[in-house]
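Trainee: Dropping a structure here in structure tokens format, bear with me for questions.
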Amino acid sequence: MSGQAKVVPIASRRARTKRREPPAGDALLRRRVVDLEQELSDLRGSERRESLLVALARAVSSGAGGMTWASLARLQRALYFAWHSEETDKFGADARFAETIEPFFDFLYAVWWRVEATGTEHVPASGPGLVVCNHSGVLPYDGLMVQLAIRHEHPARRLCRMLALDMFALLPVLAPMLSKSGSVRANPENAERLLRQGELLGVFPEGVKGVGKRFHERYKLARFGRGGFVRVALRTGAPIVPCAIVGAEEIHPVIGKADWVGRPFGLPYFPLTPTFPWLGPLGLVPLPTKWSIDFGEPIEVTQYGPEGAEDPILVNRIAESVRETLQQMIDGRLARRRSVWFG
Amino acid sequence: MARIAITGTASFLGGRLLRRLVAARGADGVLAVDITPPPTTLHGVRHRMVDLTLPGADRRLLEVFREEEVDTVVHAAFFTTPRRDAAYAHELESIGTLHLAAGAAAAGVRHLLLRSFTGVYGARGQNPSLLTEESKPEADSGLSWVRDKVEAEAHAFSFSRRYPGLGVTVLRFATLLGPGVHTFYTRLLSKRVVPVPLGYDPLVQLLHPDDALEAAALALEKGPSGVVNVVPRASITLLTALHLSDKVIVPVPHPVAYPLAELWWGSGVGEAPSGFIDYARFPCVADGEKASVKLGFRARHSSRDALEAYLAYRFPEAAHRAPEARRASESEAHEVGA
């Protein structure tokens, strides 16, 4: 009914213009062409993939002889925008990029590591929240998996922005990948700004000490930095949700370290695993362990007030208690786990 | 009537600001201080020649400011493009500002507005996603281009502390890009092939000159307000910007890129020293919150607008700019229809 009601005035308006300007058929035609062009360019905007195919086809059909700088630039452009959107948010998150890489990480999540997420109801459905996780696994897969767990299993399907270690944010390829999938660099300014905006953040207070643990130290939480995450939570009143990730320690078991190899490339450590670097790029394939991600009950810190952030003893105490809670959650899960591969 | 003195009127932003102030206050309300006279199209603008790099420039400035009854000084004599003779750049930017601040303080100038760049924060891996004015500028940067600006800001503030009558505003502008802008960034954008560090795609901020002028005018209205970032509405990633301008991109691994760029720069061919590669690897994105609170400034253009405005200006013949073409054909259709 309402659809019909809408159509009538438009038709009548068009009829009126026609009646007013009988000889302007040419102009109308031109306007129609403009409209169609607009539609076409909108379509192009939404269907970048097609334009990539077109660009590739054009490149192939013209052959190497027909390759000019301009066509090369067009091809590169089509390739880039096939998996990047032209706009990002303030922090560099790119929706199209996230969409593009999601199938791969979904595969890791559902098939490769068969992630089992429990307790997602403890993650706040709205407003700020600080998910505190244990770090492991050499490469920041664990952060992405926590992000996916909250995206897939939490009813509000929230984006959990991970605070990435500086070292990951410095490495080529990995740095833009992390920032485009919604991560930001781990520093108090970023954390406070995002929490004040009411966003959900994931942090790894262990930092580099956690992610590069040797195999015999697995599932023993390292020191929790200097309690920066507690200070941010106190200042913003965000609840702390402990999150125990089990299974990620075994994907790249670090049996030794050769830090002197990585130093010239700006790496803080250089892990030696049973497969890396001996098998070359194959050594980068993570082992298919069975993962579990458990979210614990939120720890409220609002009773201390923002001024608590200035009290280092209080900050230390809270950090320590979060660490203990997390260690207990990990130990509990480990005690229940029968196999590294099947859970 | 108290006058506004502008230094660096031969520079792009200084010249544009001079025109704007002449339009707003009349030719008698402004004074151009530069080693080259302002364009002859600006009738009746008073001009005093002062070389900021000469010893004794502060005394000369004191005389000029006293004689011309200057109460506000806009200091825009800065290089937007890195120079090979770093010694001269240092004399002009750092020491020149020292002279200017000394002269202004002695002459009882009320407000000194300094033009600076968000680049002074330095592109570091540890930067927060949005740098506020509280973030420390990178005083030990490897780039003399950055160090000189940081020093200039410090000189201005140290004089303001000792002579409380002298209020200071430092406007840290994001990278200027738009019609009429000629910097080493625009020279890079004029090339067919642009080398970029492999595997990095940081956000960059491109500021439309109209927004920069608007912010400067507002700052002059509002009076001294300390350090203020002037940034565009939205950022853009470096590769998006380069692809939108239809460049062929050659990724170079960064361990190789630095020595190559240094060699290229040292041999007199390159556009910028290797330190600028940092700005293509790590974000240096400033927050514009303080400008909107303190100055009431909200940028009208986004980085993308600035880029498109520049491309339309630089390559008017290029047909790939769909939005402009569409707008043109639309207006044509309207003309015909009406």
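Since every read-out is calculated from the coordinates, none of them should be taken as a lab result. Note that the structure is predicted; figures quoted are calculated from it, not measured. All Cβ positions, glycine included, derive from the backbone under ideal geometry; neighbour counts span all protein chains shown.
Trainee: Subtract the Cα-Cα distance of A:E310 and A:L159 from 0.36 nm times their separation in residues, and report this length gain in nm to one decimal.
Mentor: Taking 0.36 nm per residue and subtracting the Cα distance, the gain is 51.4 nm.
Trainee: Using alpha carbons only, how many angstrom separate the centre of segment A:209-253 from the centre of segment B:268-295?
Mentor: Segment A:209-253 and segment B:268-295 have Cα centres spaced 33 Å from each other.
Trainee: Here's another thing I want to ask about it. Go ahead and run the numbers for FRET between A:L282 and A:E217, Cβ-Cβ distance against an R0 of 35 Å, rounding to 0.05. Walk me through the numbers before you get to the answer.
Mentor: Working: r = 26 Å, r/R0 = 0.73.
Rounded to the nearest 0.05, the efficiency is 0.85.
Trainee: Need one value for A:176-189: mean number of C-beta atoms belonging to other chains within 10 Å of its residues' C-beta atoms.
Mentor: Averaged over the peptide's residues, the number is 3.
Trainee: Compute a Gaussian network model of chain B, connecting alpha carbons closer than 10 Å, and tell me which residue from B:F79, B:F315, B:F173 fluctuates the most.
Mentor: B:F315
Trainee: Here's something else I'd like to know. Taking 30 Å as R0, compute the FRET efficiency from the Cβ-Cβ separation of A:Y269 and A:S339 and round it to 0.05.
Mentor: The value I calculate is 0.55.
Trainee: Something else: Using 19 Å as the cut-off for backbone N distance, which residues of segment B:111-130 belong to the label zone defined by a point 7 Å from the Cα of B:S158 along Cα→Cβ?
Mentor: Flagged as within label range: B:112-116.
Trainee: Let me confirm one metric for peptide B:123-134, namely the mean number of other chain beta-carbon atoms within 10 Å of its residues' beta-carbons.
Mentor: That average works out to 5.
Trainee: Moving on. At a Cα cut-off below 13 Å, give the aspartates and glutamates reachable from A:K180, other chains included and same-chain residues fewer than 8 away excluded.
Mentor: Straight-distance partners of A:K180: A:E86, A:E87, A:D89, A:D94, A:E99, A:E102, B:D201.
Trainee: Kindly list the residues of segment A:161-205 that lie in the label zone of A:S126, defined by a backbone N under 16 Å from the point 7 Å along the Cα-to-C-beta vector.
Mentor: Those under the cut-off are A:197-200.
Trainee: Mind ordering B:288-298, B:33-43 by average Cβ neighbours within 10 Å, highest first?
Mentor: Working: B:288-298: 17.5, B:33-43: 15.0.
The peptides rank, most packed first, as B:288-298, B:33-43.
Trainee: Another one. For an R0 of 41 angstrom, estimate the FRET efficiency from the Cβ-Cβ distance between B:L54 and B:E317 and round to the nearest 0.05.
Mentor: Computed FRET efficiency for B:L54 and B:E317: 0.35.
Trainee: Within a 10 angstrom radius of each residue's Cβ in B:238-251, how many Cβ atoms of other chains show up on average? Whole number is fine.
Mentor: 5
Trainee: Give me the lysines in straight-line cross-link reach of B:K294: C-alpha distance below 16 Å, same-chain residues under 8 apart excluded.
Mentor: Qualifying lysines at Cα under 16 Å: B:K222.
Trainee: Can you list the residues, at least 5 places off or on another chain, whose amide H is less than 5 Å from the amide H of A:I299, using H built in the peptide plane?
Mentor: Result for A:I299 returns A:I240, A:V241.
Trainee: Hey, in the GNM for chain B with a 10 angstrom Cα cutoff, which one of B:L114, B:L263, B:L62 fluctuates hardest?
Mentor: Residue with maximal mean-square fluctuation among B:L114, B:L263, B:L62: B:L263.
Trainee: Along the charge dipole of segment A:53-170, pointing to its positive end and built from +1/-1 on Cβ of Lys, Arg, Asp and Glu, which listed residue (A:S62, A:S126, A:H84) has its Cα farthest out?
Mentor: Looking along the dipole axis, the top candidate is A:S62.
Trainee: Right, here's the next one. Just list whichever of B:K136/B:K290; A:K90/A:K209; B:K149/B:K290; A:K220/A:K290; A:K90/B:K191; A:K213/A:K290 have alpha carbons separated by over 23 Å in the model shown.
Mentor: A:K90/A:K209; A:K90/B:K191
Trainee: Sticking with this structure for a sec: Just add up the charged neighbours of A:R317: K/R +1, D/E -1, any other residue whose Cβ is under 11 Å from the Cβ of A:R317. Don't skip to the end; give the middle numbers.
Mentor: Details: positive: A:R323; negative: A:D311, A:E320, A:E324.
That works out to -2.
Trainee: Ignoring everything except DSSP H segments at least 4 long, calculate the 222 nm mean residue ellipticity for chain A; use -39,500 (n - 2.57) per segment, divide by total residues, nearest 500.
Mentor: Counting only the DSSP helices, I get -14500 deg cm²/dmol.
Trainee: May I ask you to order A:161-167, B:184-190 by the average number of other C-beta atoms within 10 Å around their residues, highest value first? It would help to have the intermediate numbers written out before the result.
Mentor: Numbers: A:161-167: 22.4, B:184-190: 17.1.
Final packing ranking: A:161-167, B:184-190.
Trainee: Positive end of the charge dipole of the protein assembly as shown (Lys, Arg +1 and Asp, Glu -1 on Cβ, about the Cα centre): tell me which of B:L239, A:V138, B:A101 has its Cα farthest that way.
Mentor: Value: B:L239.
Trainee: Still on this model: Tell me which cysteines of the protein assembly as shown come out unpaired when the rule is another cysteine's Cβ under 4.7 Å.
Mentor: So, A:C160, B:C284.
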